[in-house]
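The values are calculated or read from the model by the stated rules, or taken from the named source; none is laboratory data. These numbers come from a predicted model, not from an experiment. Backbone-built Cβ (ideal geometry, glycine too); neighbour counts: all protein chains shown.
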């Protein structure tokens, strides 16, 4: 018990320290910090660009970490990741369609501009999860849900390829979305993520009994007298909402959702009520540090953060795997 | 008499006052343009600090003789040479918001598809989004950029006339046999082709050559390689990054262009000139005309 508390404090403290550091990392380095008081543009860079994107990286990572923990519990599969229900491919397809529509008709273009790529990505992510649910005929069968998610992911991914083949001008812009970046997160985007994150966390913690039950097996969960059907639907909603929000604001960011729960489990063995919170903190810390590296490594240029999370998360997971087996 | 003088003087004074006010108002007149998103952008005065994150827009600003107003460009802008020394603010699709804001631009010129537009606007930066895709777009975008920079409308028209004259001259330089020449322009090895509806296709049409891609396939259709073999083009145009292995593709050795070695392989710099819908389109037309001249008997 003691250990989980310490881990939570540690993760939070590290994130807070990195967030402070984040105010000083960017294409201009530390300079805007020194001249901030005298120079309104420097102040704008620190408070309106670096601060929200730093907190935004933390919030997006937390959303993915949370969704990852819930997904792994719900599917009783340690390899489940938050994009398993098709949300990522749904978001990609929606972004590809809106980019293509920009060039096609002025009518479509006005709608795309009104909704924005962010709105389109969110709608696409949630729609893909709904499609998965429809195909799986509800949430009662985990295996069917998993399979439907894979099918939806494949088919929507193929449709996205179709769109980019028909309208190759969107290829480059699509690539930017696929790589993921926190560079466009402002205060409004951050507050959306923070509010959704808080809601999802509360929901996930109150539903954690189901996840604990499910980890003992489906029939055990049933025998505990839990109303599995509505609770499962609620968990799917949490995953959809959390990933949809993160993907819409930052694009596709790989591995954070998969790696965060594993990293927590490598340190402590605990119940889901604690795991979801710790996994959020871990995810936030992961993406925050990846974002700092992305901004700082080759400054004044920037590496898309999604590339870094894949390298770092993948590498660490591999190391963890080897250490366990040896 | 005396009274008449006074009246006349009063009138003159009144006229002078009117002229002065008009001049003052005229000077402080804000610039108002509608960009390709259909959004009206208002600039309080002609911008002196301009950031461009699309190579063709960078080139347009410079060809309007306003290169000195550029304070930052994207990583792909490389012409004219003077822009190479400017700060780089990321690419058109992944602009570095912090670097742009730090340059304190009066206006940022971006492509319509750029992802950073909303974010920049929410930070109070004025953004004009433009998307030149066709010859007609180039002319329209030139007028808009000239208007944004507060230049008299004659400037853009003069530049456009010069470009048109250049394209016409390139077209005159190719022999009449070009009308029977069937050309395949490969954009990349997928292969994507430049159709008749694309910017490159329009230039080909102006030169009088035939494009093997019919207009109904759209600007950049993804082809089956078999289509090219069947169409049997007389000349193949391709950038040297995509040329490697082209002649070894199955069946391609029988294409007339490959058999007669009528291949135009453009260097990276040349390809940049040809594919960018901007003020260097006359130069691009000349590069393509030179290629046709090399391979066509007069």
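Any idea which residue in region A:171-187 is surrounded by the most Cβ atoms within 10 Å (Cβ to Cβ), counting only those that are in contact with a helix residue (DSSP H, G or I) (Cβ under 8 Å, 6 or more places away or on another chain) and facing chain B (nearest Cβ under 7 Å)?
Within region A:171-187, the first condition is being in contact with a helix residue (DSSP H, G or I) (Cβ under 8 Å, 6 or more places away or on another chain), and the residues that meet it are A:171, A:173-174, A:177-187.
If we keep only those that are facing chain B (nearest Cβ under 7 Å) as well, we get A:173, A:181, A:183-184, A:186.
On the way: A:173: 25, A:181: 25, A:183: 28, A:184: 26, A:186: 19.
Checking each candidate, the answer is A:183.
Regarding residue B:148, is this residue away from every other protein chain (no Cβ under 14 Å), within 18 Å of residue B:39 (Cβ to Cβ), in contact with a helix residue (DSSP H, G or I) (Cβ under 7 Å, 6 or more places away or on another chain) and in contact (Cβ under 8 Å) with a residue 40 or more places away in the chain? Break it down stepwise before answering.
Details: away from every other protein chain (no Cβ under 14 Å): yes; within 18 Å of residue B:39 (Cβ to Cβ): yes; in contact with a helix residue (DSSP H, G or I) (Cβ under 7 Å, 6 or more places away or on another chain): no; in contact (Cβ under 8 Å) with a residue 40 or more places away in the chain: yes.
Criteria not met by residue B:148.
Please work out if residue A:205 is within 30 Å of residue A:291 (Cα to Cα), within 14 Å of chain B (Cβ to nearest Cβ), under 26 Å from the mean Cα position of the chain (by Cα) and in contact (Cβ under 8 Å) with a residue 12 or more places away in the chain. Reasoning before the result, please.
Details: within 30 Å of residue A:291 (Cα to Cα): yes; within 14 Å of chain B (Cβ to nearest Cβ): no; under 26 Å from the mean Cα position of the chain (by Cα): yes; in contact (Cβ under 8 Å) with a residue 12 or more places away in the chain: yes.
When the stated conditions are applied, residue A:205 does not pass them.
Residue under question is residue B:109, and the condition is that it be within 21 Å of residue B:199 (Cα to Cα), in contact with a strand residue (DSSP E or B) (Cβ under 9 Å, 6 or more places away or on another chain), away from every other protein chain (no Cβ under 14 Å) and surrounded by 17 or more Cβ atoms within 10 Å (Cβ to Cβ); does it hold?
Values: within 21 Å of residue B:199 (Cα to Cα): yes; in contact with a strand residue (DSSP E or B) (Cβ under 9 Å, 6 or more places away or on another chain): yes; away from every other protein chain (no Cβ under 14 Å): yes; surrounded by 17 or more Cβ atoms within 10 Å (Cβ to Cβ): yes.
So residue B:109 passes the test.
Confirm whether residue A:283 is buried (at least 16 other Cβ atoms within 10 Å of the Cβ) and closer than 22 Å to residue A:91 by Cα. Write out each step before concluding.
Working: buried (at least 16 other Cβ atoms within 10 Å of the Cβ): yes; closer than 22 Å to residue A:91 by Cα: yes.
Yes; evaluated as a whole, the condition is true for this residue.
For residue B:240, indicate whether it is surrounded by fewer than 16 Cβ atoms within 10 Å (Cβ to Cβ), touching a residue at least 24 places away in the same chain (Cβ under 8 Å), away from chain A (no Cβ under 14 Å) and at negative phi.
On the way: surrounded by fewer than 16 Cβ atoms within 10 Å (Cβ to Cβ): yes; touching a residue at least 24 places away in the same chain (Cβ under 8 Å): yes; away from chain A (no Cβ under 14 Å): yes; at negative phi: yes.
Here the answer is yes, as residue B:240 does meet what is asked.
Which ones in region B:178-197 are within 14 Å of residue B:231 (Cα to Cα) and surrounded by 19 or more Cβ atoms within 10 Å (Cβ to Cβ)? Full working, then the answer.
Step one: filter region B:178-197 for residues within 14 Å of residue B:231 (Cα to Cα), giving B:180-186, B:193, B:195.
Passing the criteria: B:181, B:183, B:184, B:185, B:186, B:193, B:195.
Please go through region A:17-70 and pick out each residue that is at pLDDT 90 or above, within 13 Å of chain B (Cβ to nearest Cβ) and loosely packed, with under 15 Cβ neighbours inside 10 Å.
Hit for region A:17-70 is A:47, nothing else.
Residues to consider are B:272, B:293; find the one that is in contact (Cβ under 8 Å) with a residue 40 or more places away in the chain and surrounded by 17 or more Cβ atoms within 10 Å (Cβ to Cβ).
Exactly one of B:272, B:293 is in contact (Cβ under 8 Å) with a residue 40 or more places away in the chain and surrounded by 17 or more Cβ atoms within 10 Å (Cβ to Cβ), namely B:272.
Residues that are surrounded by 18 or more Cβ atoms within 10 Å (Cβ to Cβ) and within 30 Å of residue A:48 (Cα to Cα): does region A:158-170 have at least one?
There is at least one residue in region A:158-170 that is surrounded by 18 or more Cβ atoms within 10 Å (Cβ to Cβ) and within 30 Å of residue A:48 (Cα to Cα).
Pick out, from region A:1-96, the helices (runs of 4 or more DSSP H) lying fully within it that include 2 or more residues that are closer than 23 Å to residue A:138 by Cα. It would help to see each step written out before you state the result.
Values: elements: A:2-22, A:31-35, A:40-44, A:51-74.
Output list reads A:51-74.
Tell me, please, whether a residue that is surrounded by 18 or more Cβ atoms within 10 Å (Cβ to Cβ), part of a helix (DSSP H, G or I), in contact with a helix residue (DSSP H, G or I) (Cβ under 9 Å, 6 or more places away or on another chain) and free of Cβ contacts under 8 Å to residues at least 24 places away in the same chain can be found in region A:303-324.
yes
Which residue, of B:91, B:72, is more than 9 Å from chain A (Cβ to nearest Cβ) and in contact (Cβ under 8 Å) with a residue 24 or more places away in the chain?
Numbers: B:91 fails: more than 9 Å from chain A (Cβ to nearest Cβ).
Within the list B:91, B:72, the selection yields B:72.
Suppose we filter B:163, B:200 for residues that are in contact with a strand residue (DSSP E or B) (Cβ under 6 Å, 6 or more places away or on another chain) and surrounded by 15 or more Cβ atoms within 10 Å (Cβ to Cβ); which single one remains? Give the steps one after another, and end with the answer.
Details: B:163 fails: in contact with a strand residue (DSSP E or B) (Cβ under 6 Å, 6 or more places away or on another chain).
Criteria check complete, one pass: B:200.
Could you identify the single residue in A:203, A:158 that is more than 30 Å from residue B:98 (Cα to Cα), modelled with pLDDT of 85 or more, out of contact with any helix residue (DSSP H, G or I) (no Cβ under 6 Å at 6 or more places or on another chain) and part of a helix (DSSP H, G or I)? If you could, list the steps in order and put the result at the bottom.
Numbers: A:203 fails: out of contact with any helix residue (DSSP H, G or I) (no Cβ under 6 Å at 6 or more places or on another chain).
Selected residue: A:158, the only one of A:203, A:158 that is more than 30 Å from residue B:98 (Cα to Cα), modelled with pLDDT of 85 or more, out of contact with any helix residue (DSSP H, G or I) (no Cβ under 6 Å at 6 or more places or on another chain) and part of a helix (DSSP H, G or I).
I'm trying to understand the selection: among the residues of region B:59-68, which are surrounded by fewer than 19 Cβ atoms within 10 Å (Cβ to Cβ) and assigned to a helix (DSSP H, G or I)?
Filtering region B:59-68 for residues surrounded by fewer than 19 Cβ atoms within 10 Å (Cβ to Cβ) gives B:65, B:67-68.
Residues satisfying the conditions are B:67, B:68.
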